[in-house]
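The values are calculated or read from the model by the stated rules, or taken from the named source; none is laboratory data. What you are looking at is a predicted structure, and each value in this text was computed from that prediction instead of being measured. In this analysis, Cβ positions are derived from the backbone assuming ideal geometry, glycine residues included, and neighbour counts consider all displayed protein chains. Heavy atoms of the whole protein, side chains included, go into the accessibility calculation; ligands, DNA and RNA do not. Shrake-Rupley method; radii C 1.70, N 1.55, O 1.52, S 1.80 Å.
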Amino acid sequence: MRIHDVSSPRSTARVRLGFCFMVALLLVVAGRVFVVQGFDPESYASKAADRRTQVSALASERGAILDMNGTVLAQSTVRYDIVGTPKVNSTTETFRQVDDSGTIQTVSRDQGLRELALVLEMPEPEVRELMTGDALFTYLAKAVDPGVERAVMDLGVPGVESRPVKKRAYPQGAVAGSIVGFTNDQGGAAGLELTLDEQLTGRDGERTYQTGADGIIIPTAPLEVVPATNGQSVRLTIDTDLQYAAQEALEAQAGKLSADWANLIVVEAKTGKIRAMAETNSVDPNNPGATAPEDRGARSVQAAIEPGSTEKAITAAAAIEEGLVSPGSRLVIPSGYTVNGQFFKDSFEHGTEQRTFAGVIGSSMNTGTVMVGQDLSREQRYDYLRKFGIGSSTGIPLPGESAGLLAKPDQWDGRQEFAVLFGQGVSQTPLQTTMAFQAIANDGVLLKPRLIESYLDPDGTEHPVEAEPGSRAVSESTARQTRDILESVVTAGGAKDIKVPGYRVGGKTGTAEAVADSGKGLDGYTASFVGMAPMDDPQYVVMVNVQRPAGNIYGISTAPVFNNIMTRVLSKFDVAPSRTPSVSLPQKF
């Protein structure tokens, strides 16, 4: 065996080198400790705290949607699921808890579970069984209210957490469903839920606390709570009872006529407030998947259809405003009328007739309407349609509103330039048609339709929505003369089945060919009536529209629905009965 001499110069050098290396290493470690403890203790303490910090969400509530009377159409509830980690609890004999006085006390696991069972109103053995074992997750309770959640979290039981659950409920079901809309996981998905999503959505809060390495909350560590801010609620102009009655009446009439769909709108003439906007097959927001996609929206603002003879009210107002006729002007009407190579006839056979202008509108004669309307220039015809809101969206806060289709006058063909006078060659939504009559009822001033009454902060502070100024379509005198013609349609013309006991009523029927859903060709008819009451001081306009009813279109009547709803409207809003005699202008001479 060979023995090294450690006293040799080579061995001595090796020892010295190793010693120097060890000293250098110790200096590095000591320096690091000095930096940590001397120069940057807060940074490292902060990083350690970050590792212990836990954040749990405090859910906000989505604002409610209410009708004009405060009836809830949509509301949110925030609930919490209480979950546990049995593995954490099973390995914790005791934990520290802060009592009501702020005193920290040591609590046994058994006592913690006993208190938890009391708060959750569950049998203690059941809670103990759920929180025992090596499982990493279990549900203790689902959908508890925020008060219970706070009480649970205040206990500080090891391994127990809360998770927010938001639910949206629609207590009125399908009533006003097409207006209210519905939500999905991302927020608003249809109707006002979509267009008012920003106002309705709240801002979630959070609870920040610290836990030890064992997952137990440290009671002495700071607890920070950023409270949730609930969304604004919105009060509508809609009356739920009236909306329900309208939907019921429409469903019955559409079923009787085997119609594809029907809708009804009630507008307050002097404010533009929509009191009802009803659709058949209205979606139930609690279960939107049960309704066909094409029925989930509001056709009152989405469906652009030819208005038919209801448009003659606009033509009458334009002709009177321009001084071409008065209600009593006399016209000799042939059995058919040709202008610029275009031939027009009426829906009923007749020979040469002597009619007043009121009689032309009263019997809905295309011939006489064209005879008078041809003296309006193309530009005038277009301009008056625009003044009454045709060809532009109303701005109502509902998704998918159609502006309709009104071509520029230089794009009209030889027939269209006259057909627009009686509601063909132009398409518009039922709401646009209703608002045109609102202007006539409101002494010639067209208003913006109003669906939102006010917004409400979470603390109850209400912010009314200001009405936008209207625009004048025709003079007050013209509007009054046009109303006399419309009243005579009911008293002496073709709408004698329109009756509201105690009230003077006026309005106009409309029949048009319906464009196929494909957009190509025609496949049925549209029957409608737009009326107002009381005619001595019009307060409300009601429009009824039935799409593609079966049978002879000229035998179809919307009167039962109109009479029903207008009677309800005048009664509900305490409109005084008429005290002046009805107007019944001569129809012939």
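Couple of notes before you dig in:
- Residue match in region 89-96 (condition: under 30 Å from Phe573 (Cα atoms) and touching a strand residue (DSSP E or B) at 6+ places or on another chain (Cβ under 9 Å)): no
- Filter result for Asp204 (at pLDDT 90 or above and either over 22 Å from Arg109 (Cα atoms) or touching a Cys at 6+ places or on another chain (Cβ under 6 Å) (or both)): no
- The set of residues in region 480-513 that are among the hydrophobic types (A, V, I, L, M, F, W, C) and within 33 Å of the chain's Cα centre (by Cα) comprises Ile498, Val500, Val505, Ala512.
- Any chance Glu198 is modelled with pLDDT of 90 or more, surrounded by fewer than 13 Cβ atoms within 10 Å (Cβ to Cβ) and closer than 23 Å to Tyr455 by Cα: yes
- Asn286 satisfies every condition listed in (1) touching a residue at least 40 places away in the same chain (Cβ under 8 Å); (2) farther than 30 Å from Pro171 by Cα except (2).
- Unique residue being of a type in the set (S, T, N, Q) and surrounded by fewer than 23 Cβ atoms within 10 Å (Cβ to Cβ) when the list is Gln438, Gln411, Gln428, Gln432: Gln411
- Qualifying residues in region 207-235 (those that are at pLDDT 90 or above and assigned to a loop (DSSP other than H, G, I, E, B)) - the one nearest to Thr106 (Cα to Cα): Asn230
- Of all residues in region 69-81 being β-branched (Val, Ile, Thr) and in contact with a Pro (Cβ under 9 Å, 6 or more places away or on another chain), the one that is surrounded by the most Cβ atoms within 10 Å (Cβ to Cβ): Val78
- Any pair with Cβ under 8 angstrom, 6 or more apart, that starts in region 339-353 at a residue that is touching a residue at least 60 places away in the same chain (Cβ under 8 Å) and ends at one that is of a type in the set (Ser, Thr, Tyr) and loosely packed, with under 15 Cβ neighbours inside 10 Å: Phe344/Thr338; Ser347/Tyr554
- Single residue of region 359-377 satisfying the filter (closer than 21 Å to Gln432 by Cβ and either open to solvent by 40 Å² or more (accessible area, probe 1.4 Å) or among the hydroxyl-bearing types (Ser, Thr, Tyr) (or both)) that is farthest from the chain's Cα centre (by Cα): Thr369
- Subset of region 451-476 (residues that are farther than 13 Å from Ala269 by Cβ, open to solvent by less than 80 Å² (accessible area, probe 1.4 Å) and over 23 Å from the mean Cα position of the chain (by Cα)): Ser471, Ala473, Val474, Ser475
- Failed item in (1) open to solvent by less than 50 Å² (accessible area, probe 1.4 Å); (2) modelled with pLDDT of 95 or more, with Lys448 passing the rest: (1)
- Every pair of residues 6+ apart whose Cβ atoms lie under 6 Å, when the first sits in region 84-108 and is closer than 23 Å to Ser56 by Cα while the second is acidic (Asp, Glu): Lys87/Asp134
- Scanning region 80-95 for residues that are part of a strand (DSSP E or B) and modelled with pLDDT under 90 yields Thr94, Phe95.
- Within region 378-403, the set of residues being open to solvent by 40 Å² or more (accessible area, probe 1.4 Å), touching a residue at least 60 places away in the same chain (Cβ under 8 Å) and within 14 Å of Glu321 (Cα to Cα) comprises Gln380, Lys387.
- Matching residues, region 445-463, being more than 24 Å from Val301 (Cβ to Cβ) and not in a strand (DSSP E or B): Asp457, Pro458, Asp459, Gly460, Thr461
- Filter pass, Ala269 being in contact with a helix residue (DSSP H, G or I) (Cβ under 8 Å, 6 or more places away or on another chain) and farther than 27 Å from Gly555 by Cβ: yes
- Contacts under 6 angstrom Cβ, first residue in region 142-163 being under 14 Å from Leu130 (Cα atoms), partner part of a helix (DSSP H, G or I), 6 or more apart: Val157/Gly112; Val157/Leu116; Pro158/Val88; Pro158/Asn89; Gly159/Val88; Gly159/Asn89
- Filter result for Leu570 (touching a helix residue (DSSP H, G or I) at 6+ places or on another chain (Cβ under 9 Å), of a type in the set (A, V, I, L, M, F, W, C) and touching a residue at least 24 places away in the same chain (Cβ under 8 Å)): no
- Some residue of region 309-324 being free of Cβ contacts under 8 Å to residues at least 40 places away in the same chain and of a type outside the set (A, V, I, L, M): yes
- Members of region 82-95 that are open to solvent by 70 Å² or more (accessible area, probe 1.4 Å), within 18 Å of Leu130 (Cβ to Cβ) and among the β-branched types (Val, Ile, Thr): Thr91
- Asp484 meets each of the listed conditions (1) farther than 20 Å from Arg386 by Cα; (2) touching an Asp or Glu at 6+ places or on another chain (Cβ under 8 Å) apart from (2).
- Of all residues in region 126-140, none that is closer than 13 Å to Val160 by Cβ has its Cβ atom under 8 Å from the Cβ atom of a residue that is open to solvent by 90 Å² or more (accessible area, probe 1.4 Å) and part of a helix (DSSP H, G or I), 6 or more apart or on another chain.
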